[in-house]
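The values are calculated or read from the model by the stated rules, or taken from the named source; none is laboratory data. Note that this is a predicted model, so its numbers are computed, not measured. Reconstructed Cβ throughout: ideal geometry from the backbone, glycine too, with neighbour counts over all protein chains shown.
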Amino acid sequence: MPARHPRATCASLEVADRLHSTAIHLLRRVRREDTSAGLSAPQLSALSVIVFRGSLTLGELAHAEQVRPPTITRIVADLEARGLAVRTQRESDRRIVVVRVTPKGERLLDDGRRRRITALANEIVRLPTRDVAQLERAIDILERLVGPKMPHPK
């Protein structure tokens, strides 16, 4: 368990606990839309990293996904077999394998993102207007908390 920040208060810990729990439940709810992609959660996660970070080595991908090299090798092999990613050797050092997304992989990820956003929008539209405005303000605060967001490809 991380050390408690000297300025952490009971109130900030309670807010953090509620935010953590709510974020997990929200992600689980929209992740239901991912079943139509036909990929496992680890495969979708790895594909997402490849799309958003660009070409990267197997080691970099394993580090980003917090898995061991044999695990990422299997995941990438599955993505490659489905035509969603390709492995190539780095020209400067043929021992290094680089993974990049294919157009098919990018489309699959974009389609999934669109489905998740639509599912969430269908729930948000049922909220009163003032709640939507409060939600927008809360998102502004959350974006400041997490720092600059990564641009969506294309």
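Taking helices (runs of 4 or more DSSP H) that fall entirely within the range 10-126, which contain at least 3 residues that are of a type in the set (A, V, I, L, M, F, W, C) and exposed (fewer than 14 other Cβ atoms within 10 Å of the Cβ)?
Counting at least 3 such residues, we get 10-31, 103-124.
Out of Ala77, Ala119, Ala133, report the one residue that is among the small types (Gly, Ala, Ser), within 22 Å of the chain's Cα centre (by Cα) and modelled with pLDDT of 95 or more.
Details: Ala119 fails: modelled with pLDDT of 95 or more; Ala133 fails: within 22 Å of the chain's Cα centre (by Cα).
Going through Ala77, Ala119, Ala133 in turn, just one is among the small types (Gly, Ala, Ser), within 22 Å of the chain's Cα centre (by Cα) and modelled with pLDDT of 95 or more: Ala77.
Do we have any residue at all in the range 100-123 that's over 30 Å from Thr35 (Cβ atoms) and out of contact with any Phe, Trp or Tyr (no Cβ under 7 Å at 6 or more places or on another chain)?
no
Tally up the residues in the range 116-133 that are over 17 Å from His25 (Cα atoms) and basic (Lys, Arg), please.
Adding up the residues that qualify gives 2.
Asp93 fails exactly one of the following numbered conditions: (1) farther than 29 Å from Thr118 by Cα; (2) at pLDDT 90 or above; (3) of a type in the set (Asp, Glu). What is the number of that condition?
So the condition that Asp93 fails would be (2).
Does Val49 meet the test of being touching a helix residue (DSSP H, G or I) at 6+ places or on another chain (Cβ under 7 Å), at negative phi, without any contact (Cβ under 8 Å) to a residue 60 or more places away in the chain and not hydroxyl-bearing (Ser, Thr, Tyr)? Spell out how you get there, then give the answer.
Working: touching a helix residue (DSSP H, G or I) at 6+ places or on another chain (Cβ under 7 Å): yes; at negative phi: yes; without any contact (Cβ under 8 Å) to a residue 60 or more places away in the chain: yes; not hydroxyl-bearing (Ser, Thr, Tyr): yes.
Criteria met by Val49.
If you go through the range 87-125, how many residues are polar (S, T, N, Q) and within 22 Å of Val49 (Cβ to Cβ)?
Count: 3.
Go through the range 127-145 residue by residue and tally those that are part of a helix (DSSP H, G or I) and either touching a residue at least 24 places away in the same chain (Cβ under 8 Å) or of a type outside the set (Asp, Glu) (or both).
13
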